[in-house]
Structures are given as C-alpha cells and as structure tokens.
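The values are calculated or read from the model by the stated rules, or taken from the named source; none is laboratory data. Remember, predicted model here, so these are calculated numbers, not experimental data. Here Cβ is always computed from backbone atoms with ideal geometry, including for glycine, and neighbour counts include all displayed protein chains. Heavy atoms of the whole protein, side chains included, go into the accessibility calculation; ligands, DNA and RNA do not. Shrake-Rupley method; radii C 1.70, N 1.55, O 1.52, S 1.80 Å.
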Amino acid sequence: MNQNHPSLRRPQAVAGGRRRLYLAGQRYFGNRGCEALVRSTVKMLREELGAGTAFLTPSLDAALDRRQWPQAEPAGVRFVRSVPFPSKLRWWYRAVRALPAAKRVWLPRSMPVPREIHDDVAGSDAMILIGGDNFSLDYTTAGLLGQTAFSEVFLRRGTPMVLWAASVGPFAAEPVFERYMAGFLKRLDLITVRETVSQDYLHGIGVRDQVHLVADPAFLLEPEALPLDTLVPAEAGAGLLGLNLSPLVDQARYGRRPQDARATGGEVLRFIESAVRDHDLSVVLVPHVDPLTGGPGNSDSAYLGPILAGLGHLGPRVSLAP
C-alpha cells in the first residue's frame, strides 16, 4: 500500500509523528487464519510506513495471544480490549428471527462503545478492518452488523477506514442488507479484496471506485523452522497432502457441530484412504482453529482426532499436526 494514501495520512495524531493503526475485526489467535493475517499485515505495513508504526490489536485474552506470538510487542503490536458484542444486537437478532419483516424497518447502525475502546480508536490514524471473511453472511446477520455498527461510530467522526484484503459478500440472500452494505462500503476510504469473485460482486452492487484486487497478505508469512518429525507422517510415499477439516464441515451439511467423524458418513475416511492407496500420498491433518487454552470447544484438533483414529489401518502414512 502507498503510505500517501489518504487513509494513512494523519501521523500528527500520534506523538512524535508515529503512525498508529487499529486492527478492527481481530479477536483472538485461536484462529490461525486471523493470526496469519495480523502477522503478515503488521510486517507489510511496518516495511511501508516505518518500524515505528504501532498496531492496536483487540484480544479476548492478551496473555494467551502473547504466548502464541512472543514477538508481537517488538513488532509494534499492543494487545487491547476486544469489542464486546452489544446486547442490542442480540435482541435485534432474536426479534428478526421471530418477525423477519422487522429488518426492513430497523437495522442497528451504531452501537455503544466503551470509553477505553473509543479512546483507542480515536487516537489512531486509521482503522484497518481485518479478518478475512468478516464482511459476509457466514457469521449471521447480527455478526455482520456487529462489524458495521462499530465501524459506523468512527466513520461519522471522520476516522479513515480501510477494508483490508477481504472476501466480501454476497449479501443477495438478504436484499435489505445488500442495499445497506452497498451504501456502507461506498463510504470507506479504501477496499482491498483478495479474489476476483469479491471484486466482481462489489462492482455489481455499485461499489467500484475504491476497490483494489490484492493477494492475500498471509502469503507473506515468514517461515519458522520446526522439527518435521512432530508434523509429517513417518512414511512419506510419493508426496504429502496437507488437509484441514473442521466441525464446519458437518455444520454446513447437517446444521450442527458433532465432534466426531461419523457424521460425514465415512466420506472423509474414504477420501484419505484413496489419497494413500490410489495416489501414494501421505496425509497430514492440519488444525486451523484451536482454542489456545487447549479445550475441545470449536476445536479442529478435537474434530480431527477421531478421523485419525479411524485411519489406524493406514499406520504411519497419516498424522495429525500439533
């Protein structure tokens, strides 16, 4: 990104002329995709804007996130209080589920912001809306409004705002939201999207002038050495297949999140067996989302464990990454 873009042009807001950026949409590093986006974005912007650039990064548990990324603070990252989900949005979501027509007359377009969080954003030069796929309907309409209602508070006070390397939409399943989101997105200073599907969709709803196609920042992650014997299968075969599966597989198909592989009807097991026997690949199962506390809730490892157990007959050709 060009450091002279108007969204990043107010260094006087920070003492000594240092830029300070607020990374909205980030909540915790238990999602390794979120962690990857933060790490790579911080690296990229520090190289462009200077090593003195500071990044206020919301966290539900700063101690756990620091443990996950020990170099965060030397990289300019300061973990700050995460934005609480407002009760107003919870009540709105319950109301529109009972009476869907209500969304046509009332969309929550702002939210109360605790003073500490308000001061964090108000003292920053720009808000960077990060998170990858937050601006979609994947996490419910209330989840989407949680993103926009928070952003609206600072759009109205003139805070420069960038939607960063995002997948956007589609919102066509909710016409009321599609119209609102088109208007909201047009007000942002800059929108960068990480695939042509999002770019074409935004153009289709009239959001065009500030939209730029980019690569996903996570491709700029710096490699870190680790002992491969903790990661890859003991026998390699002709090649290695890395495979992520999560409870979302069953949620999408069955509307629930069972914590074992049986709900897939054996399809996953048959796929991996075919990869090994028909293509001579070894397979490493790679968790993407895991609580940093090690608990089983919303855990890819907890979901992948029974899958691995069901493949015991393949012996050292399949492993589960730590």
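Below are the figures for this structure:
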{"quantity": "Exclusive hit being assigned to a loop (DSSP other than H, G, I, E, B), at pLDDT below 80 and open to solvent by less than 60 Å² (accessible area, probe 1.4 Å), set P233, P258", "calculated": "P258"}
{"quantity": "Odd one out for V80, checked against (1) open to solvent by less than 20 Å² (accessible area, probe 1.4 Å); (2) farther than 30 Å from F219 by Cβ; (3) of a type in the set (A, V, I, L, M, F, W, C)", "calculated": "(2)"}
{"quantity": "Residues (assigned to a loop (DSSP other than H, G, I, E, B) and modelled with pLDDT of 90 or more) located in segment 97-134", "calculated": "V113, P114, G123, S124, D125, I130"}
{"quantity": "Yes/no for L292 being of a type in the set (A, V, I, L, M) and touching a strand residue (DSSP E or B) at 6+ places or on another chain (Cβ under 9 Å)", "calculated": "no"}
{"quantity": "Any hit, segment 59-67, residues being open to solvent by less than 20 Å² (accessible area, probe 1.4 Å), closer than 17 Å to A142 by Cβ and part of a helix (DSSP H, G or I)", "calculated": "no"}
{"quantity": "Residues of segment 290-304 that turn out to be aliphatic (A, V, I, L, M) and either more than 20 Å from L248 (Cβ to Cβ) or open to solvent by less than 20 Å² (accessible area, probe 1.4 Å) (or both), as a count", "calculated": "1"}
{"quantity": "Candidate set from segment 30-58 (those that are of a type outside the set (A, V, I, L, M) and either at pLDDT below 90 or assigned to a strand (DSSP E or B) (or both)); member that is most open to solvent (accessible area, probe 1.4 Å)", "calculated": "R32"}
{"quantity": "Among (1) of a type outside the set (A, V, I, L, M, F, W, C); (2) under 19 Å from the mean Cα position of the chain (by Cα); (3) surrounded by fewer than 18 Cβ atoms within 10 Å (Cβ to Cβ) - the single one R187 does not satisfy", "calculated": "(2)"}
